[in-house]
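Let me begin by presenting the structure, written as structure tokens, before commenting on it.
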């Protein structure tokens, strides 16, 4: 059998794409290397604009009825733990949506099962090990196919498809096999995450603190059942990547408290998952489509996890690629149209996240001067602040928007 679509990676983005394509009558094969999804400290919040993407993909009700919880508020605190404000997301976001939180492995299981129910063929414990064909975007046309070598429990086999989609994460093998070039930002932040139960926090709101003077940030996102995914980020000049492992949980909680989260929030907290620290630098592929191989989600581009846009971006990838594929029989051309659009909206997110990290988490005299100047203007006019939460890539990100944010113009 020659499949229309072979998707490598059965997580959020791969399953979302597989489900909608199978629902529209295309033959889909999803290869997922794991037999059970594990807690790997991945993102667990969809921004309001990401929830809008979930609705367009037909996933919103499915998630809420199975594994997700609505996050109605966005609470910001001073670095002494005093509440500044709680934004009502549904009334203040252009899409009219609240945010959404969920336990990542549970979400993955729900969506992979949904893709199978829609007609996609699911193979678990199936590890893709290489592309059997030369990928050359100058000679491939819409009538060619590509073959994928796969290692399964029974041995090695080959599957063939019109289009191969790499949805295999930030360390994607598909992009390596297909010859994509990956760009990287310099890493400026370390980012730690831990799942906690029993925090003394409102479960219908996300909670967010920045201590710019120390280059620190801490956040907690409710995912239902009195569970919060809690993060701590710190400028690399003031931290090390060793805040990992069960023995370091007290140090992690102390770091969150040091960033401004009141210690009494954690009095009854219990660790419910692994603790690990990562570099937060984005990596990306310019124009993530070559011939009949296309990249989506973190395989195409990873945004800075500090700002929480990764899953929302991934769902936009799935929706935009699906729309292009369903509108044309020339899937090579459709892949290029998707890639052009991807570059535009990822580029916007990338720029804004860079500004946010630079302005709020950089250290030193020059950084302090930039920050003080910007905040003087933002306090008078909050519209100068980019709205990653509500608008995402639709938040203005041109040079004028940057100059307004930094307080370099008076209007």
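The values are calculated or read from the model by the stated rules, or taken from the named source; none is laboratory data. Source: prediction; values computed, not measured. Using ideal geometry, Cβ is built from the backbone for each residue, glycine included, and neighbour counts are taken over all protein chains shown.
If you check 17, 12, 31 for being assigned by TED's automatic domain parsing to the domain that holds residue 311 and more than 17 Å from residue 62 (Cβ to Cβ), only one passes: 31.
Residue 64 meets each of the listed conditions (1) outside the structural domain of residue 161 (by TED's automatic domain parsing); (2) at pLDDT 95 or above; (3) crowded, with 17+ Cβ neighbours inside 10 Å apart from (3).
Here the condition is being at pLDDT below 95 and either surrounded by fewer than 19 Cβ atoms within 10 Å (Cβ to Cβ) or in the same structural domain as residue 31 (by TED's automatic domain parsing) (or both); of 202, 197, it holds for 202 alone. Selection within the stretch 246-267: residues that are touching a strand residue (DSSP E or B) at 6+ places or on another chain (Cβ under 8 Å) and part of a loop (DSSP other than H, G, I, E, B). The member of this set that is surrounded by the most Cβ atoms within 10 Å (Cβ to Cβ) is 261. Only one of the listed residues (310, 314, 347) is surrounded by fewer than 18 Cβ atoms within 10 Å (Cβ to Cβ) and within 25 Å of residue 46 (Cβ to Cβ). That residue is 347.
Got at least one residue in the stretch 145-158 being free of Cβ contacts under 8 Å to residues at least 12 places away in the same chain, loosely packed, with under 15 Cβ neighbours inside 10 Å and outside any loop (DSSP other than H, G, I, E, B)? Reasoning before the result, please.
Looking only at the stretch 145-158, we keep the residues that are free of Cβ contacts under 8 Å to residues at least 12 places away in the same chain, and these are 154-155, 157.
Then keep just the ones that are loosely packed, with under 15 Cβ neighbours inside 10 Å; that gives 154-155, 157.
Within this subset, residues satisfying the condition of being outside any loop (DSSP other than H, G, I, E, B) are 155, 157.
Checked against the condition, which is being free of Cβ contacts under 8 Å to residues at least 12 places away in the same chain, loosely packed, with under 15 Cβ neighbours inside 10 Å and outside any loop (DSSP other than H, G, I, E, B), the stretch 145-158 yields at least one hit.
Evaluation of residue 170 against the conditions (1) under 24 Å from residue 388 (Cβ atoms); (2) at pLDDT 95 or above shows that the sole unmet condition is (2). The residues of the stretch 169-197 that are assigned to a loop (DSSP other than H, G, I, E, B) and within 30 Å of residue 249 (Cβ to Cβ), listed by number, are 169, 170, 171, 185, 186, 187, 188.
Any residue at all in the stretch 354-374 that's over 15 Å from the mean Cα position of the chain (by Cα), crowded, with 19+ Cβ neighbours inside 10 Å and without any contact (Cβ under 8 Å) to a residue 40 or more places away in the chain? Taking every residue of the stretch 354-374 in turn, at least one turns out to be over 15 Å from the mean Cα position of the chain (by Cα), crowded, with 19+ Cβ neighbours inside 10 Å and without any contact (Cβ under 8 Å) to a residue 40 or more places away in the chain. Working only within the stretch 65-83, note down all residues that are under 20 Å from residue 387 (Cβ atoms) and either part of a helix (DSSP H, G or I) or in contact with a helix residue (DSSP H, G or I) (Cβ under 9 Å, 6 or more places away or on another chain) (or both). Once the filter is applied, which keeps residues that are under 20 Å from residue 387 (Cβ atoms) and either part of a helix (DSSP H, G or I) or in contact with a helix residue (DSSP H, G or I) (Cβ under 9 Å, 6 or more places away or on another chain) (or both), the stretch 65-83 yields 70, 71, 72, 73, 74.
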